[in-house]
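J.: This is the structure I have questions about; it appears just below.
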Amino acid sequence: MKPVGYLPFILFSFWLLLIVLKKRKALQEEKRRARKAFLEDSKVGLSLKKKDYLIDQRGIERSNPIERKFKRRFLFELLETFHHQCASCHKGDVKLTLDHFFIPKSQGGNLMVKSKRGYWVCNALPMCRKCNQRKRDLPAEQFFQPEKLHELKLKMVELSWLINDFYRDDE
Ligand SMILES: [Zn+2]
């Protein structure tokens with residue numbers, strides 16, 4: 001084969017590399033914007049309003065990729081943050097269930113939900129069966145007392161920071 005025979009291949013490789021680099025740069029830029037928005041919003045408190053989130057219809061299904069990912073990667077951190085106690089009554093010697101904190105499952109809420117500003121927010125709370133049943137689909141503002149809600153929102157910021165993995169470039 002004459003050397004010129006390699007030229008299309010070299011050009012093609014170069015083109016492919018450019019595309020990969022461009023895509024990578026766009027992703028990094030997206031992440032940077034999301035991180036900035038997260039830091040701004042968490043100063044005033046992350047929103048508990050459904051309208052500020054992108055609702056994925058798969059959320060209504062019992063188990064979906066987003067919920068599975070949450071359980072696989074962040075369940076332990078969630079339980080640690082709450083000292084393995086119910087987020088509402090603080091009982092620790094009971095079986096804990098996962099509650100959808102501010103966007104109920106019936107309204108398409110997943111255990112983590114994506115803000116329209118580009119970052120992920122933890123929508124999960126560990127709760128004992130009794131409290132979970134009492135809460136049902138009640139909005140968080142109605143179920144929790146204001147001081148309690150404030151405390152939960154601080155934990156939500158902590159967990160959401162972790163979920164976003166802002167310092168990692170993969171995914
Ligand atoms: Zn409880």
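J.: Excluding Cys131 itself, what net charge comes from residues whose Cβ is under 10 Å from its Cβ, given Lys and Arg +1 and Asp and Glu -1?
T.: It works out to a net charge of +4.
J.: Name the lysines eligible as straight-distance cross-link partners of Lys22: C-alpha to C-alpha under 28 Å, and not fewer than 8 places from it in the same chain.
T.: Excluding near neighbours in sequence, the set is Lys31, Lys36, Lys69, Lys114, Lys116.
J.: For segment 122-166 and segment 76-106, compute the distance between their C-alpha centroids and round to whole Å.
T.: 8
J.: Provide the FRET efficiency to the nearest 0.05 for the Glu29-His84 pair, computing r from the beta carbons and using R0 = 22 Å.
T.: E between Glu29 and His84, to the nearest 0.05, is 0.05.
J.: In percent, what relative contact order does the chain have, based on Cα pairs under 8 Å that are 6 or more apart in sequence?
T.: Rounded, it is 25 percent for the chain.
J.: Please check which bits of segment 113-142 a label hung off Ala37 would reach, taking the label as a point 7 Å along Cα-to-C-beta and the cut-off as backbone N under 16 Å.
T.: 113-122
J.: Here is a follow-up. Do any chymotrypsin sites (Phe, Trp or Tyr not before Pro) in segment 62-171 lie in a loop, going by DSSP, with at most 12 other beta-carbon atoms within 10 Å of their beta carbon, and if so which?
T.: Passing both the DSSP loop test and the Cβ count: Tyr167.
J.: Oh, and also: Need the full-extension length gain, Asp56 to Lys155, defined as separation in residues times 0.36 nm minus the C-alpha distance. One decimal, nm.
T.: The span from Asp56 to Lys155 would gain 33.3 nm if fully extended.
J.: Okay, moving on. Can you give the calculated 222 nm mean residue ellipticity of the chain, where each DSSP H run of n ≥ 4 adds -39,500 (n - 2.57) and the sum is split over every residue, rounded to the nearest 500 deg cm²/dmol?
T.: For the chain, the value works out to -16500 deg cm²/dmol.
J.: If you build a Gaussian network model of the chain, linking Cα atoms that sit under 10 Å apart, which residue out of Leu27, Leu79, Leu125 swings the most?
T.: Result: Leu27 has the largest fluctuation of those listed.
J.: Could you give the size of the charge dipole of the chain about its Cα centre, using +1 on the Cβ of each K and R and -1 on the Cβ of each D and E, expressed in debye and rounded to the nearest 20?
T.: 400
Readers should treat all values here as calculations from the given coordinates under stated rules, not as data from a laboratory. Worth saying up front: this structure is predicted, and the values here are computed from it rather than measured. Cβ: placed from backbone, ideal geometry, glycine included. Neighbour counts: every protein chain shown.
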